[in-house]
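Below: one structure, written as structure tokens.
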Amino acid sequence: MIHRMSAALLSLAGLFIAAYLYLYKIGKIGNLACGTGGCETVQWSPWSQIAGIEVALVGVLGYAGLLALSLAALRPELVGRHWPAALLTSLAGIGVLFTAYLTYLEIFVIHAICRWCVASGVVILAIFIVALLDLRRLARTGNL
Amino acid sequence: MAATQAGMKRFYTLFAALAVVGLGVLGYLLTRPATVSIPANVTVQASDTSGFAGYVKGSPTAPVEITEYADYQCPFCQTFATLQMPTIEDRLIKTGRLRWRYRDFPLQMHSFARLAAHSAACADEQGKYWEQHDRIYEGQSEWAGARNAAPLFRKYAEAAGVDMGRYDACMQAGKYAGRIQADYNSGVEVGVTSTPTLLVNSRLYRGRFDSDAITKLVDSLARNPAK
């Protein structure tokens, strides 16, 4: 239970980070609180969009999905079920891989680091880890 | 069971607290007033664009033309202007292989981007466009975080040898607000969504933003213009 609660809280934090970056990108807020300027370099680089879709928007949708799933997984009838944990682990795993690709672009292609992107990376990695721990818990209790 | 219920209650309390804080911060950021000194979204008059289609350097007979849509306050544009453009200029523009056209695309969230573009336009009146363009990009870290960037742009113009009486009058009148808006509108029309965006012979460029990639592209197009 604690793992799914943690996943929900982390997903909410990730959702706010992604929403902040997306609102900045569509011009709804002023400058990003970044300090180094690396956030703007990354956010306005050609790699801030994938097939015309803002990467920050992909983050908003991804975290919203993880939040909905982790909250649903807290329902009493789903607490002992395996599939919500497996689905959460799979989605968070995709998020980790996507984040790894974006981090590669930041370091080796754009040559700038966005602190908010790093924060999001830490959040998605943490969600992945707690989801894995939830799967292990279920395996130990014989629910796999 | 009671322990589980207490745990759930603590979780929902923490969840609600995080949601309230997050929504509060986003709400504050959304309602905070933005600062723009040169008017945005002005109605473009025919006189704003007569004979003007960007700031051009390079031979009129160069086989390839690249149009750059950029924002003076965009850090990626700054890196491109200061690190890649000198090589592109030496290799391609000065040798007559490439003509470069610079157009303003000031993004709304950059409070000084339009002011910077206007400062460069006022310097252009006196034949000092590229000097001011380069100085504004070189000084981006100095002015982007300032409370008021106008005095810094003025300092750059003075160092570039601009007549300051004419410059001040031009800036105070917001003389080129329409021209900047026209550039922005033209960018929107061709599909510009981020900066810098390059158009190579009027087609959106999707490749790498470095001098080597652009040199290869220009060489390839020069050999095969129909490509």
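The values are calculated or read from the model by the stated rules, or taken from the named source; none is laboratory data. All of these numbers come straight from a predicted model, not from anything done at the bench. Using ideal geometry, Cβ is built from the backbone for each residue, glycine included, and neighbour counts are taken over all protein chains shown.
Below are the figures for this structure:
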{"item": "Counted residues, region B:51-78 - those being under 13 Å from B:F105 (Cα atoms), assigned to a loop (DSSP other than H, G, I, E, B) and out of contact with any Lys or Arg (no Cβ under 8 Å at 6 or more places or on another chain)", "result": "4"}
{"item": "B:K155 vs. criteria of a type outside the set (G, A, S) and not in a helix (DSSP H, G or I)", "result": "no"}
{"item": "Subset of region B:180-190 (residues that are surrounded by 14 or more Cβ atoms within 10 Å (Cβ to Cβ) and hydrophobic (A, V, I, L, M, F, W, C))", "result": "B:I180, B:A182, B:V190"}
{"item": "Index of the failed condition, A:E54 passing every other in (1) more than 14 Å from chain B (Cβ to nearest Cβ); (2) surrounded by 16 or more Cβ atoms within 10 Å (Cβ to Cβ); (3) closer than 26 Å to B:A144 by Cα; (4) out of contact with any Cys (no Cβ under 8 Å at 6 or more places or on another chain)", "result": "(1)"}
{"item": "Answer residue from region B:169-189, given it is part of a helix (DSSP H, G or I) and without any contact (Cβ under 8 Å) to a residue 60 or more places away in the chain and is nearest to B:A113 (Cα to Cα) among those", "result": "B:M171"}
{"item": "Every residue from region B:2-31 that is surrounded by fewer than 10 Cβ atoms within 10 Å (Cβ to Cβ) and either at pLDDT 85 or above or facing chain A (nearest Cβ under 10 Å) (or both)", "result": "B:T31"}
{"item": "Residue pairs meeting the criteria (Cβ under 7 Å; at least 6 apart or on separate chains; first of a type outside the set (G, A, S), in region A:75-98; second assigned to a loop (DSSP other than H, G, I, E, B))", "result": "A:V79/A:M1; A:H82/A:N143; A:H82/A:L144; A:P84/A:A73; A:P84/A:L78; A:L88/A:A73"}
{"item": "Some residue of region B:191-209 being surrounded by 15 or more Cβ atoms within 10 Å (Cβ to Cβ), assigned to a helix (DSSP H, G or I) and either touching a residue at least 24 places away in the same chain (Cβ under 8 Å) or over 19 Å from the mean Cα position of the chain (by Cα) (or both)", "result": "no"}
{"item": "A:Y20, sole failed condition from (1) within 18 Å of B:M109 (Cβ to Cβ); (2) more than 10 Å from every other protein chain (Cβ to nearest Cβ)", "result": "(2)"}
